[in-house]
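To keep things clear, I will list the structure first and then write my remarks on it.
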Protein chains: 2
Amino acid sequence: MADSLLDVVGIGNAVVDVIAQAQDKFLDDNGLTKGTMVLIDLEEAEALYAKMGPTIECSGGSAANTLAGLASLGGTAAFIGKVRDDDLGGIFRHDIRAVGVEYDTAAAVDGPATARCLVLVTPDAQRTMQTYLGACAELSPRDIDPELIERAKVTYLEGYLWDRPEAKKAFKKAAGIAHEAGNKVALNLSDPLCVDRHRTEFRELIGNHVDILFANETEIVSLCEVSGFDAALQEVRGYCDVVVLTRSEKGSVVLTDSEIHILDAEPVDKVVDTTGAGDLYAAGFLFGLTRGCDIPTCGRLAGKAAAETSAAIESLARRLGSVEGGMVTAAGLAGRIAALEKDIEALRRAAPGGAPIPCESTGGARCPARAPAPRLSG
Amino acid sequence: MADSLLDVVGIGNAVVDVIAQAQDKFLDDNGLTKGTMVLIDLEEAEALYAKMGPTIECSGGSAANTLAGLASLGGTAAFIGKVRDDDLGGIFRHDIRAVGVEYDTAAAVDGPATARCLVLVTPDAQRTMQTYLGACAELSPRDIDPELIERAKVTYLEGYLWDRPEAKKAFKKAAGIAHEAGNKVALNLSDPLCVDRHRTEFRELIGNHVDILFANETEIVSLCEVSGFDAALQEVRGYCDVVVLTRSEKGSVVLTDSEIHILDAEPVDKVVDTTGAGDLYAAGFLFGLTRGCDIPTCGRLAGKAAAETSAAIESLARRLGSVEGGMVTAAGLAGRIAALEKDIEALRRAAPGGAPIPCESTGGARCPARAPAPRLSG
């Protein structure tokens with residue numbers, strides 16, 4: 001079925017998470033800011049790893065987790081991302097294929113090792129992440145298989161890619177191919193620090209190349225350089241076909257050219273870790289969208305996926321500092337959403353490619369960058 | 001402190017666990033017997049791995065887990081075991097050192113890859129294990145550092161070592177050095193299938209080279225080739241200084257030349273996985289023994305360690321099929337035994353080497369192999 005239609009092809013960093021428990025003092029002693037993701041070089045990665053407690057390894061990466069979640073729900077997905085031909089690269093390849101995602105990007109045969117994200121889980125269950133991008137930096141336009149992009153209704157890109165020049169070119173090549181084929185391009189801003197690093201470029205990109213934007217509250221406020229969520233909302237309307245803004249326990253807001261939906265969060269006892277939740281929110285949303293669901297249904301699927309992830313992580317975190325992670329969480333997604341079992345079954349039966357994406361087609365004419373923000377009624 | 005006294009030096013297989021969830025049908029389809037550990041070759045390992053779901057990697061190995069638990073409780077420990085100079089070998093070395101265990105065995109620079117144990121966790125939380133021993137097979141007498149053995153009150157050996165001829169020689173060399181230095185030798189039978197494979201040799205070994213024997217009910221019944229636990233008990237008395245027999249929810253029985261203790265299990269809601277529990281039972285027992293505790297106290301520490309492990313694994317298993325594992329479990333041991341916090345603190349303050357081991361010293365004259373079994377009173 002190598003030439004069958006796909007719901008989503010994702011392009012992102014191919015990362016293995018290396019997870020250890022740590023005390024707050026450890027973060028302080030090592031100058032780390034709790035809850036953030038920062039990029040580190042090999043020397044820093046080795047120095048930090050040497051100080052960490054015993055670890056658990058688990059394949060991850062933001063877009064890769066989203067695709068794993070999508071596949072777990074019954075969607076069809078492929079991934080493009082670079083590993084080295086080392087043990088960790090082999091583990092990543094095994095895991096993403098094992099969850100049902102097509103993955104054929106050639107491994108680098110020399111150069112930096114497979115990327116790893118050193119995750120420190122403090123007793124409050126917050127995750128502090130230090131990422132060595134390694135082989136991910138080698139992703140280039142040559143790794144973008146045009147046929148794969150043409151087969152997918154949505155090409156999904158993670159903001160983290162913007163940290164490397166060659167990966168950025170690969171990203172733009174993929175967006176061009178997708179639009180020529182009449183498909184959609186989605187971007188997840190990934191991380192507020194990532195937005196800080198690339199604000200101007202992201203604005204140009206979103207205005208000219210992106211149809212579906214995922215961002216959380218901090219990211220969208222940073223992107224728009226405004227003081228709060230409502231101000232960002234006014235700015236961002238009209239940026240692209242669909243803008244999906246997540247706000248943790250406050251739920252999410254979804255904008256299209258003609259609609260706005262304010263969706264309450266699914267109840268969770270206590271949200272303590274929204275990292276994996278964001279990845280799986282996108283999985284739920286894209287699964288709904290590519291199967292022809294209306295926007296509120298997409299949001300409901302997404303919220304449920306995120307809530308179940310938070311709950312799973314929280315239960316674990318209380319017990320042992322959360323050794324759950326990445327694709328293992330994603331792979332268990334469908335089983336956890338028992339309440340939606342019937343809906344998901346029906347959506348699984350809907351063939352990929354069989355239903356139109358219910359966001360307004362712009363026929364290639366996307367909104368200009370930084371368009372004068374249309375005001376919401378009232 | 002490289003030349004300081006040690007509580008325990010362990011010799012065992014250096015293994016990275018590769019853990020995935022699986023359905024019963026998967027075991028059936030692949031001809032696997034639930035709950036067992038069997039050895040497989042590289043080809044079988046690769047074929048099975050390719051069929052497994054996304055995995056979590058976690059350093060493990062029976063003796064290595066025991067030492068990690070001992071170090072977590074506050075004991076001093078060193079490990080001897082062979083990895084390859086690959087990614088997984090680096091992960092194992094990091095993890096065992098991170099939990100505070102000395103580990104300096106040179107990595108193999110060629111030959112088979114680092115050992116891995118493919119663990120399939122079924123919905124009933126049973127673990128079915130297929131081990132590719134890889135670089136462990138390269139462990140040889142050259143890897144036994146005499147100084148390390150001389151520094152340790154107890155040299156602890158895992159039965160699994162018996163699966164490789166060179167490792168067996170290393171084992172005997174270590175036992176010889178330990179006894180010449182007036183130290184004790186402990187053996188854990190590891191696994192009933194392992195006992196089946198090496199019954200005659202194990203009997204000779206235990207009779208002539210072992211002071212402290214750990215076995216569970218199935219293993220000791222297999223070793224003695226009798227019909228049940230009580231018959232094994234009659235056989236085994238006098239085999240060596242201390243015989244520690246574990247019986248899951250039935251607790252444990254500890255025999256010395258002059259004493260017998262029947263210790264009830266610590267209450268656990270439901271014991272569903274005794275794999276890691278056995279390793280950590282030994283950790284608790286050896287921690288007490290090397291700090292000069294009497295036998296009932298050693299048993300209480302051991303039982304508590306095992307129970308906490310079972311409880312932790314069970315809670316997780318119910319939620320996501322248990323991604324807890326190996327050294328991460330072991331490293332969290334002390335924190336879980338809140339009830340014993342005070343006792344453990346006191347024992348931590350007792351310097352290694354400062355207290356005699358309270359089992360009857362045989363002054364080098366150990367019981368003969370298969371000694372006529374002294375009957376228990378009555």
Counting only protein heavy atoms and leaving out ligands, DNA and RNA, the solvent-accessible surface of A:Arg97 at a 1.4 Å probe, in Å² to the nearest 10, equals 110 Å²
Looking only at other chains, what is the average number of their beta-carbon atoms within 10 angstrom of each beta-carbon in A:17-26? 2
If you stretched the chain out fully between B:Glu180 and B:Glu46, how much longer would it get, using 0.36 nm times the residue separation minus the C-alpha to C-alpha distance? 43.9 nm
With a 1.4 Å probe and every protein chain left in place, tell me how much accessible area B:Tyr49 has, in Å² to the nearest 10. 50 Å²
Quick one: work out Rg over Rh on the C-alpha atoms of the range A:97-213, Rh as Kirkwood radius. 0.99
So what is the diffusion coefficient of the range B:133-270 in µm² per second by Stokes-Einstein at 20 °C and 1.002 mPa s, using a Kirkwood Rh over Cα pairs? 137 µm²/s
Once the label point is placed 7 Å from Cα along Cβ, list for B:Ile260 the distances to the corresponding points in the other copies, in nm, shortest first. 8.1
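Give the average, rounded to an integer, of partner chain Cβ atoms located within 10 angstrom of each Cβ in A:85-94. Could the numbers behind the result be given before it?
Values: counts 0, 2, 12, 5, 1, 3, 8, 1, 0, 8.
Other-chain Cβ atoms within 10 Å of each residue's Cβ, averaged: 4.
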Provide an ascending nm list, one decimal, of label-point separations from A:Arg97 to the equivalent residue in each further copy; define each label point as 7 Å from Cα along Cα→Cβ. 3.3
Search the structure for amide H atoms under 5 Å from the amide H of A:Gly35, placed 1.01 Å from N in the peptide plane, and list their residues when 5 or more places away or on another chain. A:Arg127, A:Thr128, A:Met129
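Across the range A:85-129, how large is the tail of the calculated P(r) beyond 16 Å, expressed as a percent of all Cα pairs? Mind showing how you got there, number by number?
Values: 524 of 990 pairs.
That tail contains 53 percent of the Cα-Cα pairs.
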Could you list which residues have their amide H under 5 Å from that of A:Gln21, counting only those 5 or more apart in sequence or on another chain, with H placed in the peptide plane? A:Val121
For the range A:220-226, what does the Karplus curve 6.51 cos²θ - 1.76 cosθ + 1.60, with θ = phi - 60°, yield as ³J(HN,Hα) per residue in whole Hz, taken in order and with x for Gly and Pro? 6, 5, 5, 4, 8, 6, 10
Residue by residue, what Karplus-based ³J(HN,Hα) values in Hz, rounded to whole numbers, does the range B:210-219 have, using 6.51, -1.76 and 1.60 with θ = phi - 60° and x for Gly and Pro? 10, 9, 10, 10, 10, 8, 9, 4, 4, 5
Other-chain or far-sequence residues with amide H under 5 Å of B:Phe214's (modelled H): B:Leu187, B:Asn188, B:Leu189, B:Val244
Rg over Rh [alpha-carbon atoms, Kirkwood Rh] for the range B:7-166: 0.98
Tell me the label-point distance for the pair B:Val38, A:Asp104, using the 7 Å Cα-to-Cβ offset, in nm and rounded to one decimal. 3.5 nm
Label B:Ser227 and A:Glu147 with points 7 Å out from Cα along Cα→Cβ: what is the distance between them in nm? 6.8 nm
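First check a/c for the range B:202-241, with a ≥ b ≥ c the square roots of the eigenvalues of its C-alpha gyration tensor; if it is under 1.5, answer rounded, and if not, answer prolate when a/b is larger than b/c or oblate otherwise. Mind showing how you got there, number by number?
Numbers: a/c = 1.91, a/b = 1.76, b/c = 1.08.
Since a/c reaches 1.5 and a/b is larger than b/c, the shape of the range B:202-241 is classed as prolate.
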Describe numerically, in nm with one decimal, the distance between label points set 7 Å from Cα along Cα→Cβ at B:Asn30 and at B:Asp264. 4.1 nm
Calculate one ³J(HN,Hα) per residue across the range B:194-206 by plugging θ = phi - 60° into the Karplus curve 6.51 cos²θ - 1.76 cosθ + 1.60, and present them in order as whole Hz with x for glycine and proline. 5, 5, 4, 5, 10, 4, 4, 5, 4, 4, 4, 4, 5
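On a 21 Å Cα-Cα criterion, which of the cross-link pairs A:Lys34/A:Lys172; B:Lys82/B:Lys173; B:Lys153/B:Lys304; B:Lys82/B:Lys168; A:Lys82/B:Lys51; B:Lys82/B:Lys304 come out too long? Write out the running numbers ahead of the final one.
Working: A:Lys34/A:Lys172 33 Å; B:Lys82/B:Lys173 16 Å; B:Lys153/B:Lys304 23 Å; B:Lys82/B:Lys168 13 Å; A:Lys82/B:Lys51 23 Å; B:Lys82/B:Lys304 31 Å.
Exceeds cut-off: A:Lys34/A:Lys172; B:Lys153/B:Lys304; A:Lys82/B:Lys51; B:Lys82/B:Lys304.
The values are calculated or read from the model by the stated rules, or taken from the named source; none is laboratory data. As the structure is a prediction and not an experimental result, all values here were calculated from the model. Virtual Cβ from ideal backbone geometry, glycine too; neighbours counted across all protein chains shown. The accessibility values were calculated without ligands, DNA or RNA, using every heavy atom of the protein model including side chains. Shrake-Rupley method; radii C 1.70, N 1.55, O 1.52, S 1.80 Å.
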